[in-house]
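Reading through the structure tokens given below for one structure.
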Amino acid sequence: MKTPLLIALLGLALPALAADGRPSDQYYTVRMSIDADGRVTAAEPQGDIPQALRKVVRDVAERTSFDPARVAGRPVSSRTSINVAVSFRPIGTRYEAKVFDVRPGGGWQMRSLPPPYPRAAHSRGIGAYVMSYVSYDAKGDIDMEKSQIRYLVARTRGGPLDAKAQARYDAEFRRSVLQAMRRWNYTPDEVDGKPVPASALVPTLFCPQGKWSYERCAADLTAEATLAESAIAPLDPSVSFAVLKPVSLPDDGG
């Protein structure tokens, strides 16, 4: 049976999602248990999700499949995370919720706040795109000796900064991300019953509200990026994580 793509109108208390009347996207993390054949054996949505939405998110997650994790080439059971994307469209005092994407989550599930926006940069309308290389252990704690900023660009809506301003604001954004990184904690993938240390490239986008549309800001800052967000990679080369296969969602009203 198909999972309906359009969820019935939900009388949910979600005013923060689309307070300005525009649609808003939310990503819900689901912790997955996968057997050695790549089949999902359990799917548990994480965090505070309304019950009606929790069931839909779980149903979508349970219909996924994976290439199994491996140890020295041998398929084994594992645990990972995926993100189910839901778009909310306000209709009066209610919301129409639509599942539109399913993507890998893995160790990306940071149990801490993102880097704070440097106050001076925000007040001057300066945005930034920062790509961090992070390495974390089996407990999900960041190894700061192995982690670093790999790429950073800061600019205004009008264009690049002069050399003096560039140096100043690069330093502010770098400091903000590195200080936050020390407090990051991940949910490691588990392979054959054991949590696995891993690394990844993690993007952080700073867009000043009210001074630059998010869409334009994101496009301008990432246009010349030389590094792209990467999948989680185990530090042990003999280990490979489960890989989410392409997900086919039903058509509207399906």
- Task: Report the charge-dipole magnitude of segment 119-231 in Debye, nearest 20, computed about the Cα centre from +1 at each Lys and Arg Cβ and -1 at each Asp and Glu Cβ.
- Result: 700 debye
- The residues Met32, Met144, sorted from fewest to most surrounding Cβ atoms within 10 Å, come out as Met144, Met32
- For segment 119-231, what log10 I(q)/I(0) values come out of the Debye formula at q = 0.11, 0.14, 0.21 1/Å, with one point per alpha carbon and no solvent? -0.41, -0.61, -1.10
- Message: Classify segment 170-233 from the C-alpha gyration tensor, please: rounded if a/c falls under 1.5, else prolate or oblate depending on whether a/b exceeds b/c.
- Response: prolate
- Query: Counting pairs of alpha carbon atoms under 8 Å apart in space and at least six apart in sequence, what relative contact order in percent does segment 78-169 give?
  - Reply: 19 percent
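Sort Ser78, Ser123 so the one with the fewest other Cβ atoms within 10 Å of its own Cβ comes first.
Neighbour counts put them in this order, fewest first: Ser123, Ser78.
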- lysines near Lys164 by alpha-carbon distance under 25 Å, same-chain residues fewer than 8 away left out - which ones? Lys211
- Item | Neighbour-count order for Arg74, Arg58, fewest beta carbons within 10 angstrom listed first | Arg74, Arg58
- If you put +1 on each Lys and Arg Cβ and -1 on each Asp and Glu Cβ, how big is the dipole of segment 58-190 around its Cα centre, in Debye rounded to 20? 460 debye
- Query: For a paramagnetic label modelled at 7 Å from the Cα of Lys139 toward its Cβ, which residues of segment 170-191 fall within the zone defined by backbone nitrogen distances under 19 Å?
  - Reply: 180-191
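Computed from the coordinates by the stated procedures, all read-outs in this text should not be read as laboratory data. Predicted model, so just to flag it, every value in this text is computed and none were measured. All Cβ positions, even for glycine, are placed from backbone atoms using ideal geometry, and neighbour counts span all protein chains on display.
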